[in-house]
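Take a look at the structure below.
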Amino acid sequence: MQLTVWTYEGPPHVGAMRIATAMTDVHYVLHAPQGDTYADLLFTMIERRGERPPVTYTTFQARDLGGDTADLFQRAAHDAYERFKPAAMLVGASCTGELIQDDPAGLARALGLPIPVIPLELPSYQRKENWGAAETFYRLVRGLAGPHMPAPGTARPARKPGEPARCNILGPTALGFRHRDDVRAVTDLLSRLGVVVNVTAPWQASAADIARLGDADFNVVLYPEIAGQAAQWLKRAFGQPTVATVPIGVGATRDFVTEVARLAGVDPAPVLADAASRLPWYSRSVDSTYLTGKRVFVFGDATHAIAAARIASEELGFKVVGLGTYSHEQARDVREAAARLGLEALITDDYLEVEAACAELQPELVLGTQMERHIAKRLGIPCAVISAPVHVQDFPARYSPQMGFEGANVIFDSWVHPLMMGLEEHLLGMFRDDFEFNDGAGSSHLGHGTKHAAGRPAPVTDAVERAPVVAAMEAPVLVAERPIVLSWAPDAELELKKIPFFVRGKARRNTEKFAGERGISPITVETLYDAKAHFGR
Amino acid sequence: MNAPLLATPVPASGCDAPPILRERGQREVFCGLTGIMWLHRKIQDAFFLIVGSRTCAHLMQSAAGVMIFAEPRFATAIIEEKDLAGLADANAELDAVVERLLARRPEIRMLFLVGSCPSEVIKLDLSRAALRLGQRFAPQVRVLNYSGSGIETTFTQGEDACLTALVPILPEEPAGAQASLLVVGVLADAVEDQFRRLFAAMGITRLAFLPARRAGEMPAVGANTRYLLVQPFLGETARALENRGATRLPAPFPLGAEGTTAWLRAAADAFGVADSVFEAAIAAPRERASKALQHSRRALRGRRIFFFPDSQLEIPIARFLSRELEMELVEVGTPYLHKEHLAADLALLPAGVQLSEGQDVDRQLDRCLAAAPDITVCGLGLANPLEARGLTTKWAIELVFTPIQGFEQAGDLAELFARPLNRRAALEV
């Protein structure tokens, strides 16, 4: 058993959901108990999707366990086919479904549905989300493109002269960290190289698109965690080479362009000379001098962590003091990247271990996931998010890729801004005793009220809203300007404290206004609620 | 000395009961583990350890992630492949996890081992584990267990299961003790204090709340205990309290001015509070509640509302919206309908209202889209998809996480429904 406060990855069936949801006409029938439907909200709330994920849950209950849960599965699969008419179906079990051993694969086969049905074996007690996504994508690709595979030993027909090279973009999923924008950035990069995109998958692909993956000359793998396995199979089955470089950062984007140009037989020079890449100049400009040697701690999925370490050390002049990943499957790559920086990689999915490592290294900037944002907040360190697990904030309304030259520009901004505000920190240090600009107020880039003794997030807005009030009371000039001093009965004051901190300031102001207008003093609990009723919400 | 128990309308149970559509299919509802989200804030020195899978841990952080302002007092002991191989090993592993946990959080006084779907299916006996660990960590930490599994519990039933686990450890009221009032169900601290003041004004001072805010302060119970439920989903807790001799005071649930009045009156009548005293105690806050409701009535009057099943609070809320805000009820879905505990609320629903129990989400969506209600109450998995189809929605989960009970919150409860409508009216994009 593993004691877990937070987890970096969901269970493997959530990975499968990310593949199904990314696609246009694939349905997933999941043998799962009530409650597992929580996973829908990842897509509808975090990613703000306007459609439910294409998943049917069998919703078995305790009382079904002695009876026929297999029948329940078959009915659910049958009804899902009738209702949604998908072009292909995935079938499998969640962690509890796995324990009752109903064999969704055999049950679905027995239904004889007139569409490809792809069974998924996702061992929930050994594997996690990214593995589940990779396995699902691989099974789909094998199942749907497999029938179009040339006979073993057949050579790939050569491209006709003058015909542009074609490639597939593999790996972007639903609920991926900036996948939506990365697809656009990479598609744009490829088109400037004159390369035609045959299929992007699973992102917005249909089952028919998967079937024609073999038409491309080569594959671009954006996220090896998800598409690495499928790309290996495509290489064996169709002889398609893989572009393994992930274009995150200026250097990696240049490498990517060079590699693609070689496979496509085109000249990379015009794209490499891209003037839209601002990171190199911004990083050289004198203003960036203060970035030099900033100690950074990097943690995330393997793809983003490796890329971040390279950008940090080669493109921004930071000093990487820690590098790690929760992706056990890609641990070797991360270890190699760490070794190049003279570090030992931290390979763990234990949040507490990451927290301990981060606290011990005392970095000046954390580049991590939403989990590390928690850690950094607690330790009072600036942080930028570079990888999944995702949060609603990781789906910005604007175009905000991580890949390509524009992605590097986005990264420059999002990593440097938390540090830029560091100037404010100096001022806080200088004017520690200033009445409204004091130590306790905390600097704006750290969220609110990060400096507190217990190492726990303070009741934040309270500090923000109350501090100026208290300070103003203490400043003699301002006190003289206050015509009446409204007094609060002690029990009313206590009652006020029970109001959630984020609306407490407003409640206080409204109540004092209400009492002031009516000449009520002291303010009692009754006054507080009279005012509440008066103002409504 | 007791006056007649209830002055509010009680249903002539059975004959004019509204028709109930019972459905069985995919349920778009959380499991009982989710209750930990509010239970761990309420009992301030308790820790909730789910014994489950990565899915359980993922559920907790996905549902709670944005709401946590402090380090949560809950965690998951994730069952791994090797634990499935042998239960003896699983028990040893669990002990090690608990040891590590309690060493990290020495301030914890009560530990709940919370069962999940996988732990139930592999029949990991958490009651024995609780006993074993309880002996080991006594008297410092009390160890209890309950199941929040999705195969047994729906969303708010997790609170029921947790409180049921608390009942056997409640101290015994002495046999000759004076009658006492026990208010049962998690309330926001501020709401609890409001009720405490109202009961005090009526002269009911032998009063306690279950759960208490701290593990060491759980209330006593006995044959002279009268209890009021604040939530309609506490069926098992009620049964356990009755086994300890307590008597339920039937009442509508304390939502809205009318519901709160009737709920308080049930206690007042049971404790022989004179009408004049009762009236004097509630007049001002009831007046405030009526006034506060006016803010939202304009937006809500005559609007048609559709409830997907979620928290079991649907029926009392529907009663409040139809009677105090004049909304029209299209369908009122609830995961489970406790006819006895909801009798007073059911009796106040308009005749012929469509109730549904259980769920087949696809069929219910068909009905909802066909009915095109003005506002739809649903879970987070359905809200954006319905908004994208042009419907206005209210997240059901907010009704559980927001203080809505009592006079001072009546306006807030109405506002929760008015806001999505006002927002839609305000947006011009």
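The values are calculated or read from the model by the stated rules, or taken from the named source; none is laboratory data. Just so you know, these numbers come straight off a predicted model, no measurement behind them. Note: ideal-geometry Cβ built from the backbone for every residue, glycine included; neighbour counts use all protein chains shown. Just so you know, the surface numbers come from the protein's heavy atoms only, side chains and all, with ligands and any DNA or RNA stripped out. Shrake-Rupley method; radii C 1.70, N 1.55, O 1.52, S 1.80 Å.
Descriptive notes on the structure:
- In the range A:86-103, the residues that are over 31 Å from the mean Cα position of the chain (by Cα) and within 16 Å of residue A:55 (Cα to Cα): none
- The residues listed here are B:85, B:103, B:90; of these, the one that is under 24 Å from residue B:59 (Cα atoms), modelled with pLDDT under 95 and small (Gly, Ala, Ser) is B:90.
- Among the residues of the range B:186-217, those that are free of Cβ contacts under 8 Å to residues at least 60 places away in the same chain and in contact with a strand residue (DSSP E or B) (Cβ under 6 Å, 6 or more places away or on another chain) comprise B:192, B:206, B:207, B:208, B:209, B:210.
- Members of the range B:141-168 that are within 14 Å of chain A (Cβ to nearest Cβ), assigned to a helix (DSSP H, G or I) and closer than 13 Å to residue B:50 by Cα: B:158
- Leading residue by the ranking (nearest to residue A:41 (Cα to Cα)) among those in the range A:413-440 that are modelled with pLDDT of 55 or more and open to solvent by 70 Å² or more (accessible area, probe 1.4 Å): A:417
- Leading residue by the ranking (surrounded by the most Cβ atoms within 10 Å (Cβ to Cβ)) among those in the range A:56-99 that are facing chain B (nearest Cβ under 7 Å) and more than 22 Å from residue B:155 (Cα to Cα): A:99
- Only a single criterion out of (1) within 9 Å of chain B (Cβ to nearest Cβ); (2) over 30 Å from residue B:86 (Cβ atoms) is not satisfied by residue A:21, namely (1).
- The sole residue among A:366, A:320, A:410, A:334 that is without any contact (Cβ under 8 Å) to a residue 12 or more places away in the chain and open to solvent by less than 40 Å² (accessible area, probe 1.4 Å) is A:410.
- When every residue of the range B:399-408 is checked against the conditions, at least one turns out to be open to solvent by less than 60 Å² (accessible area, probe 1.4 Å), more than 9 Å from chain A (Cβ to nearest Cβ), at pLDDT below 95 and within 26 Å of residue A:53 (Cα to Cα).
- Inside the range B:392-409, residues that are assigned to a loop (DSSP other than H, G, I, E, B) and in contact (Cβ under 8 Å) with a residue 40 or more places away in the chain make up a count of 5.
- Helices (runs of 4 or more DSSP H) enclosed by the range A:48-167 - at least 2 residues per element that are of a type outside the set (S, T, N, Q), touching a strand residue (DSSP E or B) at 6+ places or on another chain (Cβ under 9 Å) and closer than 24 Å to residue A:211 by Cα: A:69-84, A:104-111, A:129-145
- Filtered by the rule that a residue be buried (at least 17 other Cβ atoms within 10 Å of the Cβ) and more than 20 Å from residue A:370 (Cα to Cα), the range A:337-359 gives A:337, A:338, A:341, A:343.
- All of (1) touching a residue at least 12 places away in the same chain (Cβ under 8 Å); (2) within 11 Å of another protein chain (Cβ to nearest Cβ); (3) open to solvent by 10 Å² or more (accessible area, probe 1.4 Å) hold for residue A:53 with one exception: (3).
- Residue pairs whose Cβ atoms lie under 7 Å apart, separated by 6 or more positions or on different chains, with the first residue in the range B:34-49 and within 14 Å of chain A (Cβ to nearest Cβ) and in contact (Cβ under 8 Å) with a residue 60 or more places away in the chain and the second buried (at least 19 other Cβ atoms within 10 Å of the Cβ) and of a type in the set (S, T, N, Q), are B:35/B:156.
- Residue match in the range A:258-281 (condition: open to solvent by 10 Å² or more (accessible area, probe 1.4 Å), touching a residue at least 60 places away in the same chain (Cβ under 8 Å) and within 26 Å of residue A:25 (Cβ to Cβ)): no
- Those residues of the range B:103-125 which are more than 13 Å from chain A (Cβ to nearest Cβ) and open to solvent by 10 Å² or more (accessible area, probe 1.4 Å), in sequence order: B:106, B:109, B:125
- Of the candidates A:17, A:45, the single residue that is open to solvent by less than 30 Å² (accessible area, probe 1.4 Å), assigned to a helix (DSSP H, G or I) and in contact (Cβ under 8 Å) with a residue 60 or more places away in the chain is A:17.
- Only one of B:389, B:363 that is more than 23 Å from the chain's Cα centre (by Cα) and without any contact (Cβ under 8 Å) to a residue 24 or more places away in the chain: B:389
- Matching residues in the range A:169-219 - criterion: being among the basic types (Lys, Arg) and surrounded by fewer than 24 Cβ atoms within 10 Å (Cβ to Cβ): A:180, A:184, A:192, A:212
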